[in-house]
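Engineer: Could you have a look at this structure, given as structure tokens, before my questions?
The values are calculated or read from the model by the stated rules, or taken from the named source; none is laboratory data. Predicted, not measured: the structure shown is a model, and the values here were computed from it. We place every Cβ from the backbone using ideal geometry, glycine too, and count neighbours over all the protein chains shown.
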Amino acid sequence: MTGVLPLYSAEEMRALDSRAIEELGIPGAVLMERAGLAAAHELLARYPQARRVTVVCGAGNNGGDGFVVARHLQSAGLEVSTHLVGQAARLAIDARGNLEIARQLGISLERNPPPSRLRAALRRSDVAVDALFGTGFTGAPRAASAAAIEELNRAAAPVVALDVPSGVDASDGTVAGACVTAEVTVTFHGPKAGLVIAPGARHAGDVVVADIGIPPQLERPTAAGLAAHDLLDLVPRRGAESTKYRAGAVLVVGGAPGMAGAPVLAGRAALRAGAGIAWLAVPESVAASIGTGSPELMVRPLPGGLEMAERAGAVVVGPGLGRDAPAGDLARRLARRHRGAVVIDADGLFALGGDLEQLARRRVPAVLTPHAGELARLLETTADEVERVRLSSVRAAARRANAVVLLKGADTLIAAPGGERVVVSVSTAHGLATAGTGDVLSGVIGSLLARGLDPFTAAVAGAVAHARAGARAAEQVGPDGIIAGDVIDHLPGAFAGR
């Protein structure tokens, strides 16, 4: 997909390294040297006043990277001490070779330091380097490594992590025990999925990608990708021949008494995202009040308003729909039987309960847009568990429903039907954590579906545009004052790249 950058799992990165070494004959020692040199340069550029650095190494290749960093920092005139947690005998040949070079150069080395000794070294340091675990690490650190991680986190000095913060699973961002919280992570060749997916993303700090000399010809497609802003180039633009129907027609179904604002937000967002017309199908008791307040929206009372579904390019089901039995029946009926594109959000998701399989036979895959709590209900688990394993959770739902599943968050995850392909859209707009922005996102995706994008592309592009509009709103009003309407107002500029 255009506009999507690769995100590597540990296995994918290991395979890429192997191809560089075995197929092209690039020595592993050269890759390690390039990695350590790049990290040292980043540290020197970011912390030009640093004079003392403590490097904490593990008994793997990440530790070897750490010894290379130590050597180059010493060559730059810094006072460097290294601390090995683990057995030197377990170091692979390239890592062991760099340890020996560091020793010959007189770089201080302490093996398996007690926490008090490491604490004292960190107290004297201007910067610390985390080189304990690399991309191959999974699970919880053992006691000695966990103690070293705690000392790194307690230190006043900023921490630079090599490749991934120790304790983060590079493949999915899970954290099973003690974990380094870095100020910056220098990752090698390309970003790892665990650096942009929570909770791992919260430990990575600024992520800097360092080129270590692996040629692009060796690349293979990755299962996960990172959405870039140029992905919005895929969105169709209106031409001279456009009519309001050709530009895209969206039907929003929802708006129970007391919740009429939700479908209004979704409908307005659909229009601001480029749809030519938006209908709202809402209970008759609220139709009149919506119509007078939102003249751009075509309001139809339920159940007659559902006739517009056949004319719409996309149907958005759920914003403010309510959770009584008739509302649930309506949502399930549309989810199963509507033959065109459908977005299911909010109360529409509630109506599905844990029966995701009811969507699996749809001709056009549905788009589901849950937050963690809603996805937990769909998967019959807890929100805490979803947040712990976000990537596997969104994949499981996409597999069971054969649908596009968009798990909201600062790291919005969008899984394609079947769950194998996932794209991450990262948002810096923390102000999006406010009522109504989920309805806005649903309306945006509905608009993109109505304008002809396939469900997966529409969901990814919708997430990118929503995040960009939120960022622009935050710049104007500040992150604490954003309301959903501000995001809607900034959607045209977001799509235009302004």
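Engineer: Would you be able to tell me the number of residues in region 358-373 that are closer than 22 Å to residue 457 by Cα and free of Cβ contacts under 8 Å to residues at least 60 places away in the same chain?
Structural biologist: Of the residues in region 358-373, 8 are closer than 22 Å to residue 457 by Cα and free of Cβ contacts under 8 Å to residues at least 60 places away in the same chain.
Engineer: If I go through region 6-45 residue by residue, how many of them are surrounded by fewer than 16 Cβ atoms within 10 Å (Cβ to Cβ), of a type in the set (A, V, I, L, M, F, W, C) and within 24 Å of the chain's Cα centre (by Cα)?
Structural biologist: Selection size over region 6-45: 1.
Engineer: Then there's this: Can you tell me which residue in region 295-308 is surrounded by the fewest Cβ atoms within 10 Å (Cβ to Cβ), limited to those that are of a type outside the set (D, E, K, R) and within 11 Å of residue 252 (Cβ to Cβ)?
Structural biologist: 298
Engineer: Next question. Condition first: in a loop (DSSP other than H, G, I, E, B), more than 17 Å from the chain's Cα centre (by Cα), more than 24 Å from residue 252 (Cβ to Cβ) and not assigned by TED's automatic domain parsing to the domain that holds residue 177. Can you find one or more residues in region 356-372 that meet it?
Structural biologist: Taking every residue of region 356-372 in turn, at least one turns out to be in a loop (DSSP other than H, G, I, E, B), more than 17 Å from the chain's Cα centre (by Cα), more than 24 Å from residue 252 (Cβ to Cβ) and not assigned by TED's automatic domain parsing to the domain that holds residue 177.
Engineer: Can I ask one more? Within region 381-408, track down each residue that is part of a loop (DSSP other than H, G, I, E, B) and either surrounded by 22 or more Cβ atoms within 10 Å (Cβ to Cβ) or in contact with a strand residue (DSSP E or B) (Cβ under 7 Å, 6 or more places away or on another chain) (or both).
Structural biologist: 403, 408
Engineer: Residue 432 versus (1) in contact (Cβ under 8 Å) with a residue 40 or more places away in the chain; (2) surrounded by fewer than 24 Cβ atoms within 10 Å (Cβ to Cβ): which is the lone unmet condition?
Structural biologist: It is condition (2) that residue 432 fails.
Engineer: Suppose we filter region 435-483 for residues that are hydrophobic (A, V, I, L, M, F, W, C), crowded, with 24+ Cβ neighbours inside 10 Å and within 20 Å of the chain's Cα centre (by Cα); how many remain?
Structural biologist: Qualifying residue count for the region: 12.
Engineer: When you scan region 47-166 for helices (runs of 4 or more DSSP H) that lie fully inside it, which ones turn up with 1 or more residues that are surrounded by fewer than 24 Cβ atoms within 10 Å (Cβ to Cβ), of a type in the set (Lys, Arg) and touching a strand residue (DSSP E or B) at 6+ places or on another chain (Cβ under 7 Å)? Break it down stepwise before answering.
Structural biologist: Numbers: elements: 61-75, 93-104, 115-123, 143-154.
In region 47-166, the matching helices (runs of 4 or more DSSP H) lie at 93-104, 115-123.
Engineer: Among the listed residues 288, 266, identify the single one that is free of Cβ contacts under 8 Å to residues at least 12 places away in the same chain and assigned to a helix (DSSP H, G or I).
Structural biologist: 288
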